[in-house]
Amino acid sequence: MKNSLASHDALRLHKLTISKRQRSEREPFNGTKMEMNTFQGRKERHEEQLENLFRRLQLHGKYQKLKAAHVLQISNQSCGSCSSDQNAEHDFASTFIHRLLMMNYAARDVTSNMPKKPSYVFHSNNESTDHDIDVFEDIYNVQPSNEEHSNSEDIHPMDVQMAVFHCADSFLKQLLVTKLSECQYALPLLVPNPFTRQLEFPLWAFRQIKKTWKMKGAGGEVHSKTQPVYKVETPMVAFLRFGSVSASKSQLMSSLVNEKQKTFFHRDCTGSSRTRVLMDGVVEIAWYCPSGKDTDKFSECVAFCNLHGDAGDHEEQLNILTETAAVNVILLPQYDKNETDIANITNIYSKPLILLLPESDMKTTKTKIGKCKIGLKGKRQPEILQELVIAIEDICSQSSTMFSLEKLTSFSQSQIVRVDEKEDGNCNRAKRAAEQMMKKLDKEKDSLLPCQGTFWHEWSKTNKELHRPQPNETEMDISAKQAAMKKCREKQQGLKSSEFLQLFLKEMDSFRNAQEKIYFLKWLGILLDERTSENLSALRQKYATQCSEVSKLRNKHDDRKLKTEQKKVKAISKQINSANFGLEHILRELSQIYESCSFVNKNKRDLPVHFSALPSFAAEMMVSGFPLELMDGDAVHIPLIWVSAVIDKLIEKLGDVSVFVLSVLGIQSSGKSTLLNTMFGLQFAVSAGRCTRGAFMQLVKVSEDMKPQLKFDYVLVVDTEGLCAPEISGRETRNHDNELATFVVGIGNLTMINIFGENPVELHKILQIVVQAFLRMKQVKLNPSCMFVHQNVGPEAKEMCIQGRMKLQDELDEMTVLAAKEEGCDIQCFNDVIKFDAQNDVKYFAQLWEGTPPIAPPSPDYSDSAKDLKQTIVSQASAFSGMRLTHFKSRVQGLWEALLNEHFVFSFRDCFEISVYRRLETEYNTWTWKLRYAMLAIENEHLNKIVNRELTEVLENNLKTEIKQTSDEVNKSMSEYFQNDKDAAILIQWKGSFQIKINEVQETIVRETKKKLNDVLHQQQTTKRIEDQKTFYKNTLFEKSKECALQLKGDANNEEVLRGDFDALWNQWLDDIIKETQPTRKINVLQDTRQILGEMYESVPINLMKNTKDITSLPSYEDYVVFRNVSGNRSGITDIRFKDQIRALVTGIVNEMDEKIRSLPIAKMGYNIVYIQEIVQIIKTKIKVHEDEHVEYAFKKKFTVDLILNICERTQKIFIDLHRNFWEANDPRFYLEKEREDYYSVFKKYFHGVKTTAIFGEFMCSKLKEPIQESAYRKTAREMANEMKTNCDAFNGNRSKLEVCILKELAEKEHFSKFMKYIHNPKEHFKDFIRYKVNNYITEHFRTSVLPKINENIDLQKEKIVKAAREASARVTESNGGVALWLKVFTGKLSGVLIFSEETFTGMSYDDVDVKLLNEVFPNELSSVKFDTSKTFRVVNFLDKLDNKDRPDEILIQHFCDCCWVQCPFCKAICTNTLKNHRGDHSVPFHRVIGLNGWYHRGTTNLSISICTSNVATNNSFYPNHLEEKSVLWREYRTAGSQYADWCITPDVGELPYWKWFVCRFQKELENHYSKTFQGSGSIPKEWWENKKNNATESLKHLL
């Protein structure tokens, strides 16, 4: 019976045979039946269809141009914010891509929402009525459609998919196919190229897909298996169709593979149309993956291939499938003598075969082994599926044929199939390189990548211990830890690099083609993943089981057993980490090679490239879309040096672009990475097996069409490990999670808080962590925002979302109160911490899978929620400006450094903000200098007018008006800086305060200038009588010279006689003048001082005042001090700190009084005992202030008396010199004698008959010489100050830069005494340094800059004088005036330019002066004046001719030293604030060794080597008053007194090696100075001696 049936089947197949030649004329790409007369016609028609399809999809110009990098950008289309959702035809492709990337399995339904138009053709017969119509003829009469209608047929959804596939580059193809697999869609396996007709196998597209399935073992246990899909060897079932059949092969296959998903697109799918252009001949593949349950259709993984179209039209695909299939399932139409393909069917019949007969109602019939027939007619689909499953299982069990994707590559050898990997040269070369590397994987990961092992972990652990000192930890302990860290780095650097890593670096360095490098990295990742996936699969299953056991034990509160099981979890986790080997581990190795080599500043011997090139490789990978490890989860540490270097390279490649940082937090395995990958198409590892830990970051570019909406260039997505990991327990879990949460929240502009499920315990845990993190951000003035994502909630939870939001708000408020208590701040609700809207900032997600994995597709609700979340994120991000990469780098550094300390808020410093602030301070310095420089010119002009008596009152408003132009320029420059600077978003926070500071500086400058001018005005009024008398004397002598010369005219025969006559008359005139004046009295400063002190301190004997001491050089001040609140202890002054405090007081007062005395108007007004009284009062006040600040001791009266006497004795010469200047300027004989030659010249010219006009002009020019020179010198001094401010390195920045230059010079010269002056009296040292530098600069540039400027300014003044003379003459001509008017106009024009007034000529007779002639004489006489700028003119001449306030060094001192000079009470570091009496605390970036200030260990003579910033992190104590027993914890240093309370000292292990070098270099000198030693507890760590001078000075750059 069986044989008869078999014969009958063979006969039937034989009768179906037709000519092969006839069948070959069919067009294989034709999806509809077209009647063409010729093959060429059919070809043209097909090409027309292709062109029409790509044109309608707007892909006609994008063939091989759709790139993954472009598709993954954040664009209007990817965010669903454009017309793409309306599904116009030209948007089909982009809509399909972006839906697919969001794992929306409705991606293929892009055409379903197209508005449908009637597709009927209207045909009317106006002459007919309903009664005349033949009903049946009318019903069945078919009108032909016109061409327009046929052209507008719907686009088939699969044509959209395949069109995109054909136009995508290889990386996008891989991405699309991977996403199709995640959506449980069939994948294109064999694809006819529509343009070349070559059959293609896109193997590369399958490389990243993995399949997981579960199988039951013999004992019923379930085993899970995960493999890359290209390695999976399974039976393959090929479904074929010959002819036209009524049943849908694709529908049947979809039901077979996955009943809940339309795996294979079929005729009943949404959007299906009659025509398709690109699907005929395409072979799709899908895998059935069992779940290890009894309901599984197949017990093992089975592949299903579907050949679209008539199999007889696609011979190549048919042959490949039948050759590789374990069983062929063929759908055959009803027997028809006219049907064909008997030859192909005959060939297939020799293979395992299942015939499906749609038109037959026969039962399942097994013809022979490997053969089966199933009739489909009249059967329900479940029945058909059941029969088909049984048949397939039966035949597959008898077949040994196994299918894998890689086996298909064998068909490429016969040129049947084009394999993309082999045809693409870049891909092929990269694959060979990656395979070569895999051959080097002959050892364990720890051996292949040694630098990330023990030494790195030890370094990380020690670094944390360094930042978290133990109670009573000393600087020696700190140095020991630093030495251990250094040793770790040196050992790391000395490790030999494996051949594997060497080859990796060689390959990375050799690739010049970016695409080839990406291929290489992807290949390496694929091959590494393949190598480890099998072991990881078993380990992850074991890990999951063990974690489940730990969770159960936690609920049972069995602590002993819990600890045992947790150890097992850790052990398995360690095994997973060892087995896990990916690109991230290679990058981690590079990071440690880079950090260790950077530390020792030496390249590895066996490294094929220089270590400095390594960050560039990582940056290239980030730009190409690979994630970078930000935090090493195994070491739980951030490799800051590496991360910073990579970001620097990113900046080189991309520019300092602006990024919006999006971070995510959540419980372990809550779907964080999946969510990020879904929204942005990223490549973060997705696994609950905890194969990686830490934090990773990846760049997502913002497209140009989104730039108007978003104010940044990239989104930087930061993914993190899960919180509350079961392998970390107890306090360790909380600390770790709090650190991670604080860090992730801190670096993000927006943090997604991912909550999984509805477990209130888990919710409580994560909310507590998150709230504390945000609270910390508020305390350090960072303002991130947050978004809560509640995943895996049921439908009923979504419906009750209002109640859920309210509950979440309550939870947040509750957690906020608890966290606030822990952080020590008063905050009552979450909204006080961060702006939070429960309605808009909470999103609910359905569960990810629609069904049970591994064959469940993603839920459409999940995809829609992800899309909605992405739109919300983009919407919120539009309100942010993002942060530049440089800022992000500094933010990472600042946050991590702060987290390393136990007290985050106390320790946090935003390094980038600090650098931006320092740049702002430099600009501020420039703005204030501009104001000061402008005011100097205004002051000079007003000074001239006051001396010329043109100005009798100085009003503040007038000064403000005159400086307004400069002020407006400064304000404009400041506004532009705050608005246009690249860091404007950060600068804006200081705009208001700096505007206030600038206004305050301007007000101060105006007030100071007004005071100085009013003082001059007062002096001018006081000395008016003297000046008038001097003018009268001069003019009297002029008239006498003139008169006498005219009388003697003609009497003298020679020059000698004339001279003798003049000298005799001159002496007589002087004698007459001197008789009327009183002689200048001599002064005795010490006598006046003793007189004042005697009146002030009657109890002090006068004889004690006669013997003054040099109080500045005393070895001890013990005799001057009385200690307070101390009984029987007078040895306190032996504390060298007190000695230095008193010595600093004395030195400061002495220097200040020197300056004060020099500024007194003695040279203008003469000496007065009032000045001594003023000085005495200032000294007394300063001593009183010092006593109030240092409550430990008080000064005896003798101290004040001796100090005043010493100062007055030291400065007596200054008083005498200044008074002598006054005497020389005002004693008639002295100052008139200097002008004897000028008057003799007048006398001689009158004698020889020179016209009065010429004599008057010459006399005027001689009087103008001094004012011209004085004005030129002052202007040159200002210009030189400005030149040095610009060109001199010490002066062209802010005070911090000046301090760096000072410290470098101190180190270079190594003068201990100067060091000590800098430490204890920094302001005076700054002044000395400025004076020294200015003097050197002027000396060096005197001939090249100073003299040219003087001459230039003299010429400028001469031009102004000539111009004034011309204008005066013009005025006289207009008004017919005389010489008096000329003089008035002339001097008025020069009143603000020179000290030269009309009063100069009071009492002179000039009636006979010819004004017209004077206008001609004047320029000639002026040009003949000899100024003091000859070759003999020296620096000293120039500086001596300037008043003290006009000197360039004093101008710069006023600019740089008008700031805060408060010193740290511990180490004497100087507050860096640029304003005196500034708001807020004093602070410095780096503190020093406190032993420099004489601090020592109580009860010993050992100087302390500790540093303030290290001490405040310990539980150690100090004694504010060494005479008392009261100690204060360093942590609570502010409670020690007023001098401590105003200082902000943050815990920090960072210090300047400079001061360690100083301690080592000057150890003996310091010991002698303080009479203490660096021994015992103050012993200098041996590591300090390794700091060389060049390293010390190099470290000063951190101050800038």
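The values are calculated or read from the model by the stated rules, or taken from the named source; none is laboratory data. The model shown is predicted, which means the values in this text are computed figures rather than measured ones. Note that each Cβ is placed from the backbone with ideal geometry, even for glycine, and that neighbours are counted across all protein chains shown. Heavy atoms of the whole protein, side chains included, go into the accessibility calculation; ligands, DNA and RNA do not. Shrake-Rupley method; radii C 1.70, N 1.55, O 1.52, S 1.80 Å.
Observations on the structure shown:
- Search result, residues across the range 224-258 that are in a helix (DSSP H, G or I), open to solvent by less than 30 Å² (accessible area, probe 1.4 Å) and in contact with a helix residue (DSSP H, G or I) (Cβ under 9 Å, 6 or more places away or on another chain): L252, S255, L256
- Any hit, the range 555-567, residues being touching a residue at least 24 places away in the same chain (Cβ under 8 Å), open to solvent by less than 50 Å² (accessible area, probe 1.4 Å), under 19 Å from L699 (Cα atoms) and part of a helix (DSSP H, G or I): no
- Close pairs (6 angstrom Cβ cut-off, 6 or more residues apart or separate chains): under 16 Å from S244 (Cβ atoms) and in contact (Cβ under 8 Å) with a residue 60 or more places away in the chain in the range 261-282, aliphatic (A, V, I, L, M) and open to solvent by less than 20 Å² (accessible area, probe 1.4 Å) anywhere: M279/M158
- So T1500, is it part of a loop (DSSP other than H, G, I, E, B) and touching a Phe, Trp or Tyr at 6+ places or on another chain (Cβ under 7 Å): no
- Filtered by the rule that a residue be surrounded by fewer than 20 Cβ atoms within 10 Å (Cβ to Cβ) and closer than 24 Å to G748 by Cβ, the range 821-834 gives E822, E823, C825, I827, C829, N831, D832.
- Looking only at residues in the range 748-763 that are outside any loop (DSSP other than H, G, I, E, B), open to solvent by 70 Å² or more (accessible area, probe 1.4 Å) and not aliphatic (A, V, I, L, M), the one that is modelled with the highest pLDDT is F756.
- Restricting the range 616-626 to residues that are touching a Leu at 6+ places or on another chain (Cβ under 8 Å) and assigned to a helix (DSSP H, G or I), the residue that is most open to solvent (accessible area, probe 1.4 Å): V623
- Any strands (runs of 3 or more DSSP E) falling wholly within the range 359-443 and containing at least 1 residues that are open to solvent by 20 Å² or more (accessible area, probe 1.4 Å): 365-368, 417-419
- Residue in the range 780-797 that is at pLDDT 75 or above, aromatic (F, W, Y) and not in a helix (DSSP H, G or I) present: yes
- A residue that is part of a helix (DSSP H, G or I), open to solvent by 20 Å² or more (accessible area, probe 1.4 Å) and touching a strand residue (DSSP E or B) at 6+ places or on another chain (Cβ under 6 Å) occurs somewhere in the range 1571-1581.
- Residues (more than 21 Å from Q1141 (Cα to Cα) and surrounded by fewer than 17 Cβ atoms within 10 Å (Cβ to Cβ)) located in the range 1536-1547: C1544
- Failed item, numbered, when T872 is tested on (1) farther than 30 Å from T1514 by Cβ; (2) at pLDDT below 85; (3) among the β-branched types (V, I, T); (4) open to solvent by 20 Å² or more (accessible area, probe 1.4 Å): (2)
- Residues that are over 24 Å from N1321 (Cβ atoms) and either assigned to a loop (DSSP other than H, G, I, E, B) or touching a Phe, Trp or Tyr at 6+ places or on another chain (Cβ under 8 Å) (or both) do not occur anywhere in the range 1174-1195.
- The combined condition, being touching a helix residue (DSSP H, G or I) at 6+ places or on another chain (Cβ under 9 Å) and either more than 25 Å from S1391 (Cβ to Cβ) or open to solvent by 20 Å² or more (accessible area, probe 1.4 Å) (or both), is fulfilled by S915.
- Residue identified as open to solvent by less than 10 Å² (accessible area, probe 1.4 Å), hydrophobic (A, V, I, L, M, F, W, C), farther than 23 Å from W849 by Cα and modelled with pLDDT under 95 among C183, C167: C167
- Scanning the range 803-838 for residues that are small (G, A, S), over 15 Å from L775 (Cα atoms) and in a helix (DSSP H, G or I) yields a single hit, G804.
- Residues located in the range 498-525, provided they are farther than 13 Å from R432 by Cα and either of a type in the set (K, R) or open to solvent by less than 10 Å² (accessible area, probe 1.4 Å) (or both): F500, L501, L505, K506, M508, R512
- Checklist (1) buried (at least 19 other Cβ atoms within 10 Å of the Cβ); (2) of a type in the set (D, E); (3) closer than 17 Å to W213 by Cα applied to D529, failing item: (3)
- Output for the range 1323-1378, where each listed residue is of a type in the set (A, V, I, L, M, F, W, C) and under 55 Å from the mean Cα position of the chain (by Cα): F1326, F1329, I1330, V1334, I1338, F1342, V1346, L1347, I1350, I1354, L1356
- Selection status of A856, of a type in the set (A, V, I, L, M, F, W, C) and modelled with pLDDT under 85: yes
- E629 meets the conditions (1) part of a helix (DSSP H, G or I); (2) open to solvent by 10 Å² or more (accessible area, probe 1.4 Å) in every case but one. The failed one is (1).
- Residue check for E1450: free of Cβ contacts under 8 Å to residues at least 12 places away in the same chain and buried (at least 17 other Cβ atoms within 10 Å of the Cβ): yes
- The range 1529-1572, residues that are under 22 Å from N1587 (Cα atoms), aromatic (F, W, Y) and under 38 Å from the mean Cα position of the chain (by Cα): Y1554, W1555, W1557, F1558
- Qualifying positions in the range 161-177 - touching a Lys or Arg at 6+ places or on another chain (Cβ under 9 Å) and among the polar types (S, T, N, Q): Q161, Q174
- Index of the failed condition, V657 passing every other in (1) crowded, with 21+ Cβ neighbours inside 10 Å; (2) of a type outside the set (D, E); (3) modelled with pLDDT of 90 or more: (1)
- Count of the range 604-620 residues, restricted to those that are without any contact (Cβ under 8 Å) to a residue 24 or more places away in the chain and among the small types (G, A, S), is 1.
- When each of N328, N319, N347, N306 is tested for being on the phi < 0 side of the Ramachandran plot and at pLDDT below 90, the lone residue that passes is N347.
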